[in-house]
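Following: one structure in C-alpha cells, then a few remarks.
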Amino acid sequence: MVALQKKICMAGSFAVGKTSLVRRYVESIFDERYQTTIGVKIDKKQVMVDGQSVTLVLWDLAGEDELAQLRPSHLRGASGFILVADGCRSNTLDKAVSLQERITAETGDIPFLLAVNKADLQGNWQIKDEAIARLAGMGWTCLKTSARDGHGVENLFSGLARKMLERKQ
C-alpha cells in the first residue's frame with residue numbers, strides 16, 4: 001500500500017507555539033528556548049489513520065506580524081491547515097480568525113483546526129471559553145493544546161489528518 005502525502009500548513013502570530021507543537025508531535029520534545037522561524041520549516045511524520053498510511057508534511061510558517069506576511073506560495077498544494085493561537089494573548093485569536101479567511105481565499109475550502117495553545121498556563125489565559133465556543137458554533141473544530149506537556153497535540157494532528165482523508169483530496 002502506497003503512503004499518501006498530505007501537506008499541512010501551520011499558521012498564526014509570532015510566539016504562539018507553532019514550532020513547539022510540531023516538535024512535540026514529530027520528535028516528542030519541548031524546548032523552553034524560543035526560536036523564531038524564518039520563512040518556513042518543513043517536517044514529516046508518517047502515521048496510520050484509520051488503517052491508511054499517511055505521510056504528513058508539516059509546513060511551519062513564520063509567525064505573522066506587520067513585517068512578515070503570509071505568502072500564498074507557501075499555501076500551494078496544502079490539504080489542510082492548523083491555526084494556532086496563544087491562550088495567554090487574546091489578540092492571537094483575532095489574528096487566527098483573520099488568517100483563516102485569507103488562507104481559505106487562497107486554498108479554497110480545505111479542512112482546518114484551531115489550536116488554542118498553552119493549556120498548561122490556563123490560569124493566565126486571556127482567551128475566554130465563550131470565544132472558543134462561538135467559533136465552534138460557526139463550525140470550527142477548536143482544541144486546547146500544550147506543546148509543553150503534550151496535552152491535545154496528538155488529537156490535533158490526527159484529527160486534521162482524519163478530516164483530510166474524509167475529503168479524499
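The values are calculated or read from the model by the stated rules, or taken from the named source; none is laboratory data. This structure is a prediction, so every number in the text was calculated from the model and none was measured. Reconstructed Cβ throughout: ideal geometry from the backbone, glycine too, with neighbour counts over all protein chains shown.
Considered as a group, the residues in segment 150-165 that are of a type outside the set (A, V, I, L, M) and in contact (Cβ under 8 Å) with a residue 40 or more places away in the chain include one that is surrounded by the most Cβ atoms within 10 Å (Cβ to Cβ), and that residue is 157. Scoring residue 23 on the criteria (1) basic (Lys, Arg); (2) surrounded by 12 or more Cβ atoms within 10 Å (Cβ to Cβ); (3) over 20 Å from residue 153 (Cα atoms) leaves a single failure, condition (3). None of 47, 16 is at pLDDT 95 or above and either surrounded by fewer than 21 Cβ atoms within 10 Å (Cβ to Cβ) or under 12 Å from the mean Cα position of the chain (by Cα) (or both) except 16. For segment 50-87, a tally of residues being closer than 29 Å to residue 128 by Cβ, surrounded by fewer than 17 Cβ atoms within 10 Å (Cβ to Cβ) and either touching a Ser or Thr at 6+ places or on another chain (Cβ under 8 Å) or modelled with pLDDT of 95 or more (or both) returns 1.
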